[in-house]
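The values are calculated or read from the model by the stated rules, or taken from the named source; none is laboratory data. None of the values given here were measured: they were computed from a predicted structure. So basically every Cβ, Gly included, is an ideal-geometry build from the backbone, and we count neighbours across all protein chains shown. SASA here: full protein model, heavy atoms, side chains in, ligands and nucleic acids out. Shrake-Rupley method; radii C 1.70, N 1.55, O 1.52, S 1.80 Å.
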Amino acid sequence: MAFAPDNHRGASAAAKLILDGRMTRVRVILLNAALGPLDYRAPPGVTLEPGTIVLAPLGPRQITGVVWEPERAPTDEIDEKRLRPLLQIYDLPPLNAPLRRLIEWTADYYLAPVAAVLRMALASASALDGSRTITEYRATGLVPERLTPQRAQALDRIGNRQGLVRELALATDVSDGVIRGLVKAGAIEAIEVTIDDPFPRPDADHAAPVLEPAQREAAGTLVRAVQTGEFAPFLLDGVTGSGKTEVYFEAVAEAVRKGLQTLVLLPEIALTEPFLKRFGARFGCDPVAWHSGLRQSQRRHAWRGIVTGDARVIVGARSALFLPYRRLGLIVVDEAHEISFKQEEGVQYHARDVAVMRAKLEAIPVVLASATPAIETRQMAEIGVYRELRLPDRFGGAALPDISAVDLTQDPPPRGRWLAPSLVRELEANLEAGEQSLLFLNRRGYAPLTLCRACGHRFQCPNCTAWMVEHRLVNRLACHHCGHVMPPPRACPECHEEDSLVACGPGVERIADEIAALFPEARTTIVTSDTIWSPAKAAEFVGRMEAGEIDIVVGTQLVTKGYHFPNLTLVGVVDADLGLSGGDLRAAERSFQQIMQVAGRAGRGEKPGRVLVQTHEPMAPVIRALVSGDAEGFYAAETEARREAAMPPFGRLAGIIVSSEDLAEATETARLIGRTAPRVENMAVFGPAPAPLAMLRGRHRQRLLVHAARSLDVQEVIREWLGKLDWPRGVRVAVDVDPYSFL
Ligand code: ADP
Ligand code: ZN
């Protein structure tokens with residue numbers, strides 16, 4: 001809404017008249033991480049509440065910002081006479097105090113600029129202005145007379161997409177001009193989309209299930225917590241297939257009855273689709289989705305629904321955590337152990353941990369649901385900070401699958417193959433029985449490494465310390481770190497020998513080839529982020545599985561969670577040793593979680609499931625724990641090892657990553673940081689050393705690791721330490737508090 005200084009009726013709902021008529025100074029945090037808070041002049045006679053969203057002048061530019069409490073955003077005050085007036089006050093409810101405190105806490109804890117966190121709350125800039133419609137474009141089916149190759153490409157790829165000119169241009173890989181030209185030529189038409197339509201209301205009693213006793217007890221506790229409306233963190237710890245979703249749905253239903261909003265965080269957008277279906281079956285309508293795959297109009301619609309409180313249940317990826325909910329009553333973090341909740345770029349926050357903090361500030365319950373909770377989370381339950389609700393059995397009397405190890409040293413696959421004879425026999429039996437099987441290998445593509453048979457040359461990414469991975473389905477080599485791709489060359493670039501390239505090791509595509517050779521009649525599908533890149537693709541996969549059109553799935557971690565296929569009875573883990581090689585702090589825990597989760601896909605219906613785990617080390621503690629079913633013993637040993645080494649959650653870590661395109665600059669800066677490390681009791685600094693990923697996207701990387709006691713305010717120490725240093729412009733220094741990646 002444009003600001004009219006002499007017409008107060010135009011002022012926003014957030015603006016209140018004051019009677020003494022003084023000129024008012026307001027402090028504003030702008031969406032620009034390089035700037036500190038700045039003062040502006042509010043319209044005469046109007047006082048702006050903290051949290052009000054405004055548009056402010058900055059030099060010749062206009063920039064969005066939020067009014068903040070001056071005492072919480074100190075800055076050098078400029079003279080009254082030099083204050084510039086605000087340009088606009090948006091007609092939106094102000095960001096509430098709990099959200100403002102969350103933004104401050106996140107910035108403080110993760111050593112990020114407040115503006116960078118604030119940007120996540122105002123994630124849809126175009127949603128700020130109040131217009132109710134947006135113009136989108138879609139193909140009409142008409143082919144224009146003048147059909148240039150660019151136009152042909154655009155029309156070829158557009159399908160039934162709909163979106164802004166920019167979105168269509170990006171999706172079809174042409175310039176905006178080509179799309180506009182097609183609009184003029186009548187091949188693409190404009191349509192007005194309403195963005196302020198109310199969202200359908202979930203019906204709390206649409207199809208409530210009859211809960212089993214343990215479910216009922218857990219659900220009852222959660223429902224009471226929603227009724228009470230106080231901060232209450234829960235760990236909902238239930239084996240795979242125990243009905244955790246049904247249980248927390250009862251809490252969601254209670255929030256719906258009270259007219260409160262619920263946020264459900266999921267670790268992957270691919271999981272949104274099965275979730276939408278289940279939600280629809282329970283509540284009679286879709287929840288509101290929030291993820292990176294939304295069109296701008298959908299994003300805008302969702303954002304406005306969230307701000308006004310009209311959107312009642314929001315299911316989203318981690319970025320949904322910072323949105324300005326009007327009346328938040330409950331947060332659920334599903335599959336809470338997933339490390340994809342950790343954001344690795346920009347503000348490096350952990351959505352699970354920030355979710356708990358948001359619940360605390362909003363004074364509402366939060367539920368962390370998992371069959372394999374993280375050690376950090378279990379520890380919080382152990383010391384009584386989180387309340388643990390347990391579901392020890394699968395729903396409907398289904399048995400947990402039987403897990404056994406296949407010792408690859410005793411039962412090796414034939415040369416050039418990856419599946420042991422005993423696993424092949426099980427697959428065959430399952431095919432004959434008409435039941436579905438799943439092979440899990442956490443490696444996309446055909447082979448992780450390609451080399452020249454003649455000279456041994458290995459294909460490495462030119463931008464990263466990483467091998468180029470062969471993707472045979474699309475006939476190219478790809479870097480999984482920076483996205484660099486190249487066609488596989490006929491001849492070795494080093495020794496020029498022709499047809500000398502060999503693939504080393506398996507990826508999912510190679511396993512699918514092996515299946516095709518073994519069982520030519522089996523219907524096999526590959527599930528990775530290359531094949532399931534959108535919720536629609538996930539829905540298609542689920543549909544085919546449910547219709548029995550797939551016999552064998554070969555997939556990465558994308559198939560380990562969330563899915564429920566009653567006819568899936570056999571799971572084979574192709575390489576259980578893969579995750580253990582990294583040697584990071586959580587390697588064993590993560591392997592255990594991943595294999596438990598994928599095992600949890602088996603035997604969820606009436607037929608029992610079995611799981612074969614291929615390994616070279618059947619006596620490794622992880623494998624023994626999986627086979628014996630002794631999760632408690634495994635967790636206890638891991639927890640003890642962490643405690644002894646004062647590793648998280650018993651101690652604290654922070655990574656400092658120094659990077660630059662210039663090797664010498666990166667090294668120099670890292671050394672400077674290492675040299676100036678403060679001597680603080682209960683803190684040690686390791687490094688600098690070249691990062692395992694010594695080069696990433698063309699930048700040389702050095703790492704330091706800070707290890708400190710739990711009681712130390714390590715952020716304060718780091719802030720003080722790095723704050724005094726200077727480094728060349730091209731150098732980036734990122735601090736990763738509570739790191740999950742050590743690459
Ligand atoms: P989890 O998330 O713990 O792995 P789910 O919530 O996916 O388990 O539940 C497993 C299956 O059992 C789902 O198909 C779910 O709909 C079903 N289920 C669980 N509890 C009930 C119940 N009380 N009544 C009917 N179906 C249930
Ligand atoms: Zn790369």
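A few comments on the model shown:
- Entirely in the range 206-313, the strands (runs of 3 or more DSSP E) that have 2 or more residues that are not aliphatic (A, V, I, L, M): 232-238, 261-265
- Being touching a Lys or Arg at 6+ places or on another chain (Cβ under 9 Å) and surrounded by fewer than 19 Cβ atoms within 10 Å (Cβ to Cβ) is a description that applies to Asp584.
- The single condition among (1) on the phi < 0 side of the Ramachandran plot; (2) open to solvent by 50 Å² or more (accessible area, probe 1.4 Å) that Cys492 does not meet is (2).
- Assessment of the range 92-109 against the conditions (in contact with a Phe, Trp or Tyr (Cβ under 7 Å, 6 or more places away or on another chain), within 22 Å of Val26 (Cβ to Cβ) and at pLDDT below 90) yields no matching residue.
- Residues satisfying the stated conditions in the range 501-538, i.e. assigned to a helix (DSSP H, G or I) and of a type outside the set (Gly, Ala, Ser): Val508, Glu509, Arg510, Ile511, Asp513, Glu514, Ile515, Leu518, Pro535, Lys537
- Tally, over the range 470-500, of residues that are more than 10 Å from ligand 2 (Cβ to nearest atom) and either part of a loop (DSSP other than H, G, I, E, B) or among the aliphatic types (A, V, I, L, M) (or both): 19
- Residue that is nearest to the chain's Cα centre (by Cα), among those in the range 217-251 that are within 13 Å of ligand 1 (Cβ to nearest atom), of a type outside the set (Phe, Trp, Tyr) and open to solvent by less than 10 Å² (accessible area, probe 1.4 Å): Leu236
- Scanning the range 539-555 for residues that are outside any helix (DSSP H, G or I) and open to solvent by 10 Å² or more (accessible area, probe 1.4 Å) returns Ala547, Gly548, Glu549, Asp551.
- Checked across the range 410-421, the condition of being under 30 Å from Met545 (Cα atoms) and assigned to a helix (DSSP H, G or I) holds for at least one residue.
- Within the range 454-474, residues that are at negative phi and away from ligand 1 (no atom under 16 Å from the Cβ) reach partners that are of a type in the set (S, T, N, Q) and outside any loop (DSSP other than H, G, I, E, B) with beta carbons closer than 8 Å, at six or more positions or on different chains, in the pairs Arg458/Thr450; Phe459/Thr450; Ala466/Gln460; Trp467/Thr450; Trp467/Gln460; Met468/Thr450; Met468/Gln460; Glu470/Thr450.
- Condition met for Leu431 (in contact (Cβ under 8 Å) with a residue 40 or more places away in the chain and within 16 Å of ligand 1 (Cβ to nearest atom)): no
- Residue in the range 326-334 that is of a type in the set (A, V, I, L, M, F, W, C), away from ligand 2 (no atom under 16 Å from the Cβ), assigned to a helix (DSSP H, G or I) and out of contact with any His (no Cβ under 7 Å at 6 or more places or on another chain) present: no
- Of all residues making up the range 102-122, the number that are within 21 Å of Ile656 (Cβ to Cβ), open to solvent by less than 30 Å² (accessible area, probe 1.4 Å) and outside any helix (DSSP H, G or I): 2
- Verdict on Val424 being more than 16 Å from ligand 2 (Cβ to nearest atom) and crowded, with 18+ Cβ neighbours inside 10 Å: yes
- Of the residues examined, Asp584 is one that is of a type in the set (Asp, Glu) and at pLDDT below 90.
- Sole residue being in contact with a Cys (Cβ under 8 Å, 6 or more places away or on another chain) and open to solvent by 30 Å² or more (accessible area, probe 1.4 Å), chosen from Arg729, Arg710, Arg697, Arg719: Arg697
- For the range 669-694, the tally of residues that are modelled with pLDDT of 95 or more, closer than 26 Å to Gln460 by Cα and open to solvent by 50 Å² or more (accessible area, probe 1.4 Å) stands at 1.
- Restricting the range 444-469 to residues that are buried (at least 19 other Cβ atoms within 10 Å of the Cβ) and not hydrophobic (A, V, I, L, M, F, W, C), the residue that is farthest from ligand 2 (Cβ to nearest atom): Tyr446
- Enumeration of residues in the range 537-559 that are among the basic types (Lys, Arg) and modelled with pLDDT of 90 or more: Arg544
- Residue ID - modelled with the highest pLDDT, chosen from residues in the range 132-162 that are open to solvent by 50 Å² or more (accessible area, probe 1.4 Å), in a loop (DSSP other than H, G, I, E, B) and of a type in the set (S, T, N, Q): Thr140
- Just one residue in the set Trp290, Trp303 is buried (at least 23 other Cβ atoms within 10 Å of the Cβ), modelled with pLDDT of 90 or more and more than 30 Å from Gly241 (Cα to Cα); that residue is Trp303.
- On inspection, Glu632 passes the criterion of being out of contact with any strand residue (DSSP E or B) (no Cβ under 9 Å at 6 or more places or on another chain), of a type outside the set (Ser, Thr, Tyr) and in a helix (DSSP H, G or I).
- When we screen Ala152, Ala185, Ala139, Ala190 for residues that are in contact with a Phe, Trp or Tyr (Cβ under 7 Å, 6 or more places away or on another chain), over 18 Å from Ala253 (Cβ atoms) and among the small types (Gly, Ala, Ser), the only hit is Ala190.
- Beta carbons closer than 8 Å, at least 6 apart along the sequence or on distinct chains, pair a first residue in the range 374-400 that is touching a residue at least 24 places away in the same chain (Cβ under 8 Å) with a second that is away from ligand 1 (no atom under 16 Å from the Cβ) and open to solvent by 70 Å² or more (accessible area, probe 1.4 Å) for Ala381/Arg387.
- When the range 172-216 is filtered for residues that are open to solvent by 30 Å² or more (accessible area, probe 1.4 Å), within 16 Å of ligand 1 (Cβ to nearest atom) and touching a residue at least 60 places away in the same chain (Cβ under 8 Å), the ones remaining, listed by number, are His206, Ala207, Ala208, Pro209, Glu212, Ala214.
- When Thr531 is tested against (1) open to solvent by 20 Å² or more (accessible area, probe 1.4 Å); (2) within 16 Å of ligand 1 (Cβ to nearest atom), just one condition goes unmet, and that condition is (2).
- Qualifying residue in the range 67-74 (condition: open to solvent by 10 Å² or more (accessible area, probe 1.4 Å), at pLDDT 95 or above, of a type outside the set (Lys, Arg) and touching a Leu at 6+ places or on another chain (Cβ under 6 Å)): no
- Within the range 376-391, none of the residues are within 23 Å of the chain's Cα centre (by Cα), within 16 Å of ligand 1 (Cβ to nearest atom), of a type in the set (Asp, Glu) and not in a helix (DSSP H, G or I).
- Evaluated against (1) crowded, with 17+ Cβ neighbours inside 10 Å; (2) modelled with pLDDT of 95 or more, Glu432 falls short on exactly one condition, (1).
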